[in-house]
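Working notes for the structure below.
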There are 2 protein chains.
Amino acid sequence: MENIRVVIWGFGAMGSGMAKMLLQKKGVEIVGVCDRHETRVGKDMYEVLGVERGDRKPVIINSNIEEVLTEGSCDVCLTATDSFTKAAFPRLKYCLEQKVNVVSTAEEMAYPQAQNPELAAELDRIAKENGVTILGTGINPGLIMDLLVVCLTGCMTDVEHIQAKRVNSLSPFGHTVMEEQGVGMKVDEFNRRCEEGTMAGHVGFAESIQMIADAIGWRVDKFEQQMKPIVTTVDRKSPHGFAAAGDVAGVNMTGQGYVDGEVKIDMIHPQQIEPEMEGTFTGDYINIKGTPEVNMSISPEVEGGLGTIAMCVNMIPHVINAKAGLKTMLDLPVPRAIMGDMRDLIEK
Amino acid sequence: MENIRVVIWGFGAMGSGMAKMLLQKKGVEIVGVCDRHETRVGKDMYEVLGVERGDRKPVIINSNIEEVLTEGSCDVCLTATDSFTKAAFPRLKYCLEQKVNVVSTAEEMAYPQAQNPELAAELDRIAKENGVTILGTGINPGLIMDLLVVCLTGCMTDVEHIQAKRVNSLSPFGHTVMEEQGVGMKVDEFNRRCEEGTMAGHVGFAESIQMIADAIGWRVDKFEQQMKPIVTTVDRKSPHGFAAAGDVAGVNMTGQGYVDGEVKIDMIHPQQIEPEMEGTFTGDYINIKGTPEVNMSISPEVEGGLGTIAMCVNMIPHVINAKAGLKTMLDLPVPRAIMGDMRDLIEK
């Protein structure tokens, strides 16, 4: 059997991280990279990654997807270009129409049914028409605050209330994330941008809450979320970020899903650089009230960047094996690391 | 759509617990119970459970499966009769040949490929011939020391070593479990029975290790397990067990899966009554070395009895929806609690 052929669309931190991971795996190869960043276009992927090419063919980064991905040119496209379903839609549609399976890192694509049900239905229709599968995943949404919660309810006879809390460090991340999460901003500016609706913060609460609710059979009748600055009292410095004392070191986001008028799903997600400098220790915590109660913690938290890279690559075989259409993490078998030959995981 | 119809085969602690859980759920009904215990045969299930029957039809417990389960009489049979695949096989075969889906609590059935590959292949063949699905599951094997491990590797680019540790209390369990786990035995007798091979201990390490290895693509070239008495220095008493100081309060089991000559999967599972009396606190712990490292704990441990009951009932829709054949937890979507109508989860 031939190698599984992968195209990567978007070669920032996530896309290039997936490339590095794929190069360590057996039975899979990268056949094309599409990226429009001027420092990368026209260069060999191996050069950009700083990885020895050896006897592998060069993979020249091209900004024109039509020259990178055509019908039959690959088995799956990993798209790491967007956070929002609406923005990602034309790109996802293009891939599906070339009869190529898709894994998207767009946070909203982890459960596009939540906020874009029409686009979700449209993606499902296009995927089915072309006999391929599309999945959105990542560390969060995708695993920590949703799929893992769902999985843990599997050992419960009854669920009363769910709290998912992810306390993570932004220190490993680059400039884009610093901007999106307001690291280094003045508090006034942060608040002004929150009011304007131009602070990104974490994208995914609506998706995670709807995913959990749909999985266990709750009907969410109201969803709310809040965004607050995490103001540091000391200077904090990370490789790509700096917050002076009195400024913003990150974002504290909270979200609630109401069922029958009561908050049944609580999300708490403070993200900041150098949390330990003020005594905050990172971790992922899931507390589910019901029968039996389940109280889980992962400490420190699963690193977001590596986690997203791994989730997207590790889901490739499940996506290739799945029935055609739009799938979510709820539909597919559990994610798993791939330590053997990826081709062995493809169903005949 | 009509209710999902369930038959329960084996009405001990697990079978009767599943019945109680099912009676709380919407869109599902119990249409038959098979059990041979003289105190239960001929009685109404509701009377045995101590649950108000209301306007539901009586379900008379019958020791003859041929009078309880016939072709078309139900959608799924929950079998809670055995721990071992070989012992369970004739019963499982009977159900499949009546074109009925099966969920089995037998520990070895969580991954019969591990120790009974021929019987596993035979069950797969019979299930496919009859267009139905068979799954073995439970809290452990089934979730805590295998599926949850696999799920957590999903966010890892590379896995080097896995340790799964379950420290649990046997206090909630009844006489059968006390006997199987040696609670109250003299140490000499325990050791003699270990040598004879008649101590049950925990059944499932071989299954959990093989399930993990197959999932992530490791090849296990050697499997070992050890069984040691947990000797108490104080008198310990639980509702159904007693261990005097100097006697056995439970079993400490350890197991190892070797990959390329090295221990790559470590299992540690001490089970005892009243662990807190000697300063042991219960919990489930998964520590995975690799990139990134994942260190998870659930504290206290997920209660085994309730957990197994919930896993078996919660997997009913997945089993009905699955393609025909022998399935494992690796093949199906993640388990989840059922808080809505069970019929809504059945794919058209």
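Within the group A:T282, A:T254, which residue is hydroxyl-bearing (S, T, Y), assigned by TED's automatic domain parsing to the domain that holds A:H161, more than 23 Å from A:G217 (Cβ to Cβ) and open to solvent by 20 Å² or more (accessible area, probe 1.4 Å)?
Answer to the selection: A:T254.
For A:T133, only one of the following conditions fails: (1) within 30 Å of A:G72 (Cα to Cα); (2) not assigned by TED's automatic domain parsing to the domain that holds A:P335. What is its number?
(2)
Just give me the residues in the stretch B:1-29 being more than 14 Å from B:V68 (Cβ to Cβ) and part of a helix (DSSP H, G or I), in sequence order.
B:A13, B:M14, B:S16, B:G17, B:M18, B:K20, B:M21, B:L22, B:L23
Hey, can you tell me all the residues within the stretch A:291-307 that are open to solvent by 20 Å² or more (accessible area, probe 1.4 Å) and more than 7 Å from every other protein chain (Cβ to nearest Cβ)?
Across the stretch A:291-307, the qualifying residues are A:E293, A:P300, A:E301.
So, B:M18, is that one closer than 29 Å to B:Q113 by Cα and either of a type outside the set (F, W, Y) or touching a residue at least 12 places away in the same chain (Cβ under 8 Å) (or both) or not? Steps first, answer last, please.
Working: closer than 29 Å to B:Q113 by Cα: yes; either of a type outside the set (F, W, Y) or touching a residue at least 12 places away in the same chain (Cβ under 8 Å) (or both): yes.
Yes; evaluated as a whole, the condition is true for this residue.
Suppose we keep only residues that are more than 23 Å from A:I4 (Cα to Cα) and within 15 Å of the chain's Cα centre (by Cα) within the stretch A:89-109. Which one would you say is surrounded by the fewest Cβ atoms within 10 Å (Cβ to Cβ)?
Top of the filtered list is A:E108.
Quick check on the stretch A:309-323. Is at least one of its residues open to solvent by 10 Å² or more (accessible area, probe 1.4 Å), facing chain B (nearest Cβ under 9 Å) and either under 25 Å from A:N3 (Cβ atoms) or modelled with pLDDT of 95 or more (or both)?
yes
In the stretch A:69-88, what count of residues is obtained for those that are open to solvent by 20 Å² or more (accessible area, probe 1.4 Å) and either at negative phi or under 16 Å from the mean Cα position of the chain (by Cα) (or both)?
Qualifying residue count for the region: 11.
Which numbered condition in (1) within 14 Å of chain B (Cβ to nearest Cβ); (2) open to solvent by 50 Å² or more (accessible area, probe 1.4 Å); (3) out of contact with any Ser or Thr (no Cβ under 7 Å at 6 or more places or on another chain) is the only one that A:T233 fails?
The single condition A:T233 does not satisfy is (1).
Each row is one residue, and each column tells you yes or no for (1) surrounded by fewer than 24 Cβ atoms within 10 Å (Cβ to Cβ); (2) of a type in the set (K, R).
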| residue | (1), (2) |
| --- | --- |
| A:L123 | no, no |
| A:A127 | no, no |
| A:G131 | yes, no |
| A:N140 | no, no |
| A:L152 | no, no |
| A:K165 | yes, yes |
| A:E179 | yes, no |
| A:G184 | yes, no |
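Just for strands (runs of 3 or more DSSP E) wholly inside the stretch B:276-348: which have at least 1 residues that are under 17 Å from the mean Cα position of the chain (by Cα)? Can you show your working first?
Details: elements: B:283-291, B:294-298, B:325-327.
Output list reads B:283-291, B:325-327.
List every residue pair whose Cβ atoms lie under 6 Å apart, where the two residues are 6 or more positions apart in sequence or sit on different chains, the first residue falls within the stretch A:335-348 and is within 24 Å of A:V150 (Cβ to Cβ), and the second residue, located anywhere, is open to solvent by less than 10 Å² (accessible area, probe 1.4 Å) and among the hydroxyl-bearing types (S, T, Y).
A:R336/B:T153; A:A337/B:T153
Among the residues of the stretch B:324-340, which ones are more than 7 Å from chain A (Cβ to nearest Cβ) and either in contact with a helix residue (DSSP H, G or I) (Cβ under 6 Å, 6 or more places away or on another chain) or under 17 Å from A:V159 (Cα atoms) (or both)? Spell out how you get there, then give the answer.
First, the residues of the stretch B:324-340 that are more than 7 Å from chain A (Cβ to nearest Cβ): B:324-329.
Passing the criteria: B:A324, B:G325, B:L326, B:M329.
I'd like to check which helices (runs of 4 or more DSSP H) are fully inside the stretch B:30-121 and have at least 2 residues that are among the hydroxyl-bearing types (S, T, Y).
B:85-97
The values are calculated or read from the model by the stated rules, or taken from the named source; none is laboratory data. Small disclaimer: the values here were computed from a predicted structure and weren't measured. Here Cβ is always computed from backbone atoms with ideal geometry, including for glycine, and neighbour counts include all displayed protein chains. These area figures cover heavy atoms from the full protein model, side chains too; ligands, DNA and RNA do not enter into them. Shrake-Rupley method; radii C 1.70, N 1.55, O 1.52, S 1.80 Å.
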